[in-house]
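Here is the structure we will look at, set down as structure tokens.
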Amino acid sequence: MAVSPVLVIKIVDGSSVGVRARWRDEFIEHHIVMNSVLAYWWANDLPPAIKFLELFESVIKRTINELTPHKTLNLKYEVKADDVLEKASQIEINLIEVEADDVGFKIDGKTLSLNGLKNSSEESEEKTPFSGSYEKVLETPDIVLKKYLEMKNKD
């Protein structure tokens, strides 16, 4: 029986999002510290929901690359928000599929819900709920892949 790698997504202590990739006895884990990134996005007038999705994809890619270097990462997920993404204060992400170079990951913690993405003073009165599906193909540049492979081979 083949052992599938596992991707674990969870809220840690209510203040950070943990992303862990595990395969057999090895694991790599990274955290997104929400207070820090929210403060930066608010100070720079950036849309938190959109920036979080970009960061989330990037952290998943990095975490899996450190565990098992790969050229192509396929992500499939759905997003629901209380308003259009540019103005959303709440989002729910449902991970459907994660595949690194045709190796599928079992997903533990498929649904991630985040609240308080916008400053309460910025809440809009009229909201337009958002729902969308995404299929992303994230490529690792050859030079970066080479570095991940070198790091992996040092172990």
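The values are calculated or read from the model by the stated rules, or taken from the named source; none is laboratory data. This structure is a prediction, so every number in the text was calculated from the model and none was measured. Glycine also receives a Cβ, built like all others from the backbone with ideal geometry; neighbour counts cover every protein chain displayed. Just the protein is used for accessible areas: all its heavy atoms, side chains included, with ligands, DNA and RNA removed. Shrake-Rupley method; radii C 1.70, N 1.55, O 1.52, S 1.80 Å.
Some points to look at:
- Accessible heavy-atom area order of Ser4, Ser15, highest first, probe of 1.4 Å: Ser4, Ser15
- Backbone phi angles across the range 101-108, fed through the Karplus curve with coefficients 6.51, -1.76 and 1.60 (θ = phi - 60°), yield HN-Hα couplings of 6, 6, 9, x, 9, 6, 10, 10 Hz in residue order; Gly and Pro are listed as x.
- A 1.4 Å probe run over the range 1-145, with the rest of the protein chains in place, finds 55 Å² accessible per residue.
- Each of [x] 16.5, 55; [y] 17.3, 62; [z] 14.3, 44 is a candidate for Rg and Dmax of the Cα atoms in Å; the one calculated from this structure is [x].
- Relative packing of 51-59, 125-133, which averages over residues the other C-beta atoms within 10 Å, highest first: 51-59, 125-133
- Considering only Ser133, Leu7, Asn35, and ranking their Cα positions along the charge dipole of the chain that arises from unit charges at the beta-carbon of Lys, Arg, Asp and Glu, the one farthest toward the positive end is Leu7.
- Length gained on full extension, Ser131 to Lys147, computed as 0.36 nm times the residue gap minus the Cα-Cα distance: 2.0 nm.
- Spacing of the modelled spin labels on Lys10 and Lys110, each 7 Å from Cα toward Cβ, amounts to 1.8 nm.
- Reported to the nearest whole Å, the Cα centre-to-centre distance from the range 83-155 to the range 53-80 is 7.
- Structure-based [θ]222 nm, the chain - -39500 (n - 2.57) summed over DSSP H runs of at least 4, per residue, nearest 500: -9000 deg cm²/dmol
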